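What follows is a short report on a single structure.
The values are calculated or read from the model by the stated rules, or taken from the named source; none is laboratory data. Given the structure is predicted, the values throughout are model-derived calculations rather than measurements. Here the Cβ is made from the backbone with ideal geometry for all residues, glycine too, and neighbour counts use every protein chain on show.
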Amino acid sequence: MGGIERAVIVGAGLIGTSIALALREHGIGVALSDPDAAALRLACELGAGTPLDEDAASARPADIAVIAAPPSAVPAVLRSAQDRSLAQVYTDAASVKDGVVAAAESAGCDMATFVPGHPMGGGERSGPSAARSDLFLGRSWALCPTGKADPGAIAAVRELIRLCGAEPVLIGAAAHDRAVALVSHAPHVAAAAVAARLLEGDETALSLAGQGVRDVTRIAGGDPRLWWEILSHNSGPVADVLEAVAADLAASAAALRETRADGAARAAGEAPEEVRGLLERGVSGRGRVPGKHGGGRAPEYAVVPVLIPDEPNSLGRLFLAAGEAGVNIEDVRLDHSYGLPLGVAQLSVVPEAAERLARVLRERGYSVHA
């Protein structure tokens, strides 16, 4: 088949609507379908496409259809779409793959035209109102073709991924599920466990919350129903990771109890191996997370903390000053000051540019703490 000119998106939630918006930016015609009439209407009003004519049985099949539905719904939705010849090629966006593939085969789906996929993009908010055309820009997109997939179908899904600005990562379905258990599903449960402990804190304790606890608990804001759907379809690999994390935490807790029992002499000495080893492995593991340019170990950046007021265009002026200094800001994090109309912008830059940036910003009147 040639390039993608017409697409069908079945599911007008965050992922489906974001894919549709990305395709629309390339001038591709998109027809949308969703059992939730309100979600479908909103997605269409956002410019993601037009409602699919469900009764147009004789219409020419679209070039590609994306099943953006929960894992348990994908096989039945896929079979229905194939029975109606909605498209020439089909893919999905479910966050688990092995069980979906097995169920699709059991449901009698045409596996030659189905190429399972999983875009690694999302957010704490769900629904079409949170959709963005750039949601997948620069992100990985797992591509999990079965041995029965037609090469032309695989090429079409690769083209879809390219149009969304993502990078395809070829991986088997079972390996995908183990991987996302490690880098996505188990971390969500761990973040939820940390966030749940905050229910025990009083207002004074919570007023001391800094950026660290915000970073750790950010993803815990996801929809619990959606996350149970995901976890229940990847229960074994997720349980394996959680048990390993729990063992590390239990060992550290026991070592800390022993330190407390031993008193100040133990506390002043070398950290227990269980705690020190975990902290060191944490640093090493964090360093393995790819940076914004992909590849292996993330590059080391220097951080330039800059005090800025909480007012319109503060970041814009700061970025403009950095640009005029000839410094590229590789990353930025905002630390808000509790109860004060200001915050600290943590600017990550290549180490050799940090001193120049700090000097220029001070000359512009900024309070730089580097």
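List of remarks:
- Every residue from the range 134-154 that is more than 19 Å from Pro290 (Cα to Cα), surrounded by fewer than 16 Cβ atoms within 10 Å (Cβ to Cβ) and touching a residue at least 12 places away in the same chain (Cβ under 8 Å): Asp134, Lys148, Gly152
- Residue within the range 195-205 that is under 21 Å from Leu231 (Cβ atoms), of a type in the set (Lys, Arg) and not assigned by TED's automatic domain parsing to the domain that holds Glu105 present: yes
- Count of the range 76-93 residues which are over 10 Å from Thr113 (Cβ atoms), of a type outside the set (Gly, Ala, Ser) and in contact with a strand residue (DSSP E or B) (Cβ under 9 Å, 6 or more places away or on another chain): 3
- Screening Ala43, Ala65 for residues that are closer than 15 Å to Ala131 by Cα, in contact (Cβ under 8 Å) with a residue 40 or more places away in the chain and of a type in the set (A, V, I, L, M) leaves exactly one candidate, Ala43.
- Qualifying residue in the range 330-346 (condition: over 27 Å from the mean Cα position of the chain (by Cα) and at pLDDT 90 or above): no
Yes/no matrix, rows are residues, columns are (1) closer than 26 Å to Arg139 by Cα; (2) of a type outside the set (A, V, I, L, M); (3) in contact with a Pro (Cβ under 8 Å, 6 or more places away or on another chain); (4) part of a loop (DSSP other than H, G, I, E, B):
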residue	(1), (2), (3), (4)
Ile4	yes, no, no, yes
Ile64	yes, no, no, no
Ala76	no, no, no, no
Gln82	no, yes, no, no
Ala94	yes, no, yes, yes
Ala102	no, no, no, no
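- Some residue of the range 26-45 being assigned by TED's automatic domain parsing to the domain that holds Ala156, hydroxyl-bearing (Ser, Thr, Tyr) and touching a Gly at 6+ places or on another chain (Cβ under 6 Å): no
- Residue check for Ala131: touching a Ser or Thr at 6+ places or on another chain (Cβ under 8 Å), crowded, with 18+ Cβ neighbours inside 10 Å and over 20 Å from Val66 (Cα atoms): no
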